[in-house]
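Working notes, structure below.
The values are calculated or read from the model by the stated rules, or taken from the named source; none is laboratory data. As the structure is a computational prediction, the values presented were derived from the model and not from experiment. Every residue, glycine among them, receives a Cβ derived from its backbone with ideal geometry; neighbour counts consider all protein chains shown. In case anyone asks, the SASA skips ligands and DNA or RNA and just uses the protein heavy atoms, side chains included. Shrake-Rupley method; radii C 1.70, N 1.55, O 1.52, S 1.80 Å.
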Amino acid sequence: MDAGMDLLHSSGVELVQYLQLSYRDSQSWFTFISIAADLRNTFFVFFPIWFHLCEAVGVKLIWVAVIGDWLNLIFKWILFGQRPYWWVHETSYYGNVSVPVLEQYSITCETGPGSPSGHTMGSAGVCYVMVTAIVTSTFQKKQHGKQSWCLRAFLWGAFWVVQVCVCASRVFVAAHFPHQVFMGVISGMVVAEVFGRINAIYNASFKRYLQITLFLFSFALGFYLLLKVLGVDLLWSLEKAQRWCARADWVHIDTTPFAGLVRNMGALFGLGLALNSPIYAESCKGKRGQQFSFRISCIVASLIVLHLFDSVKPPAQRELLFYFLSFCKSAAVPLAAVAIIPFSVSQVMNKQEKKML
């Protein structure tokens, strides 16, 4: 088994070297792709756009992103996946032969285990939701002609181009082996397909949101503590990242497993709070919510406000404080996009209409 994994890892390292040598001039492109595929963009960009265009798709995006990333964490804790940038230094596979030299970048030093890739899993799940939403909308309009099929082929073609680019970027920066990014894409698509069949998420009460949030957090924390008692430290990868990262300042607390967990729980909690708030019902569920100008205004306002909000980073010096503030920040994102901003836009439009009378 170990020999087989060593062979798989060594083949992956060869691909990393090939990409880094052959596409050295494309470093900025690969870096951009990795940053764009970060799940943070789902919450701060894709969600506010889709929610105000089609509420059901926006809700599904959050569920797929949160549950997908939670499953990714559990898979990583179970599979104990290595990462190229530290594996080459710790393996005995190369014996007396010189260790392959892998370039590292500011986004290389992820601190969690490597399998499956969270970037590819999140990207595949989120893109799958968006593509299927457009395809479904097109076919509901009974446009079954040649143009519709061409659009469908184009969208799924674009989907796979994006996934290939994300996979290549994660391998290029030596954050993942090829088999890890492949597992991520398949897992993300499966999660998105499953949630495409669950209708209960669209009418869930705040109590149900709270119950699911507490269950997901308790399960992950309990799993960690149970294995900790049994002598298995699920944060083993953090020490490897700190030891083998080329620069200490490239190791960020926001890449740790628990940082992702609290962010996702915050987003799910905030969505439940927002969807069940009276100001959401007042602004988005009435006649105002059907107006195209109102929706566009909400999208523009949300993107601007959330961009400014994203620039505020919780202090990383104190770990527990960082986690708490990350939870609050993530909860505030859907709360602002779903309830606070639409309510504010509605009030402004009401005042403008009264002035015109």
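The residue list L79, L71 contains one member that is surrounded by fewer than 20 Cβ atoms within 10 Å (Cβ to Cβ), of a type outside the set (D, E), under 14 Å from A192 (Cβ atoms) and in contact (Cβ under 8 Å) with a residue 24 or more places away in the chain, which is L71. As a summary of the residue check, Q291 satisfies the conditions (1) within 28 Å of the chain's Cα centre (by Cα); (2) among the polar types (S, T, N, Q); (3) open to solvent by 20 Å² or more (accessible area, probe 1.4 Å) except for the one numbered (1). Against the list (1) more than 27 Å from W29 (Cα to Cα); (2) touching a residue at least 12 places away in the same chain (Cβ under 8 Å), the condition V181 fails is (1). Does the range 107-121 contain any residue that is over 25 Å from D254 (Cα atoms), outside any helix (DSSP H, G or I) and small (G, A, S)? Checking the range 107-121: not a single residue is over 25 Å from D254 (Cα atoms), outside any helix (DSSP H, G or I) and small (G, A, S). Give just the number: which of (1) over 19 Å from the mean Cα position of the chain (by Cα); (2) modelled with pLDDT under 95; (3) not polar (S, T, N, Q) does F309 not satisfy? Result: F309 fails condition (1) only. In the range 266-316, the residue that is farthest from A331 (Cα to Cα) out of those that are of a type in the set (F, W, Y) and in contact (Cβ under 8 Å) with a residue 24 or more places away in the chain is F294.
Of all residues in the range 241-263, at least one satisfies being over 24 Å from the mean Cα position of the chain (by Cα), small (G, A, S) and over 17 Å from P48 (Cβ atoms).
Here's the yes/no breakdown for (1) touching a helix residue (DSSP H, G or I) at 6+ places or on another chain (Cβ under 8 Å); (2) surrounded by fewer than 21 Cβ atoms within 10 Å (Cβ to Cβ); (3) of a type in the set (A, V, I, L, M):
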residue	(1), (2), (3)
A3	no, yes, yes
F51	yes, no, no
C54	yes, yes, no
G58	yes, no, no
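Residues checked against (1) in contact with a helix residue (DSSP H, G or I) (Cβ under 9 Å, 6 or more places away or on another chain); (2) touching a residue at least 60 places away in the same chain (Cβ under 8 Å); (3) within 20 Å of G81 (Cα to Cα):
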{"position": "F195", "(1), (2), (3)": "yes, yes, no"}
{"position": "L210", "(1), (2), (3)": "yes, yes, no"}
{"position": "Y224", "(1), (2), (3)": "yes, yes, yes"}
{"position": "G231", "(1), (2), (3)": "no, no, yes"}
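In the set A259, A274, A267, only one residue is part of a helix (DSSP H, G or I) and touching a Leu at 6+ places or on another chain (Cβ under 6 Å); that residue is A274.
Residue-by-condition table, conditions (1) among the charged types (D, E, K, R); (2) in contact with a Phe, Trp or Tyr (Cβ under 6 Å, 6 or more places away or on another chain); (3) modelled with pLDDT under 95:
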| position | (1), (2), (3) |
| --- | --- |
| F269 | no, no, no |
| G272 | no, yes, no |
| Y280 | no, no, yes |
| G289 | no, no, yes |
| A301 | no, no, no |
| E319 | yes, no, yes |
| N350 | no, no, yes |
| M356 | no, no, yes |
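Identification of helices (runs of 4 or more DSSP H) wholly contained in the range 136-250 with 1 or more residues that are open to solvent by less than 50 Å² (accessible area, probe 1.4 Å), farther than 27 Å from L19 by Cβ and not aromatic (F, W, Y) yields 146-172, 178-195, 206-229. Inside the range 56-109, residues that are at pLDDT below 95 and among the charged types (D, E, K, R) make up a count of 1. Selection of the range 110-130 for residues being among the polar types (S, T, N, Q) and touching a Leu at 6+ places or on another chain (Cβ under 7 Å) yields T111, S115.
Consider the range 300-348 and keep the residues that are of a type in the set (S, T, Y) and assigned to a helix (DSSP H, G or I). The one that is surrounded by the fewest Cβ atoms within 10 Å (Cβ to Cβ) is S344.
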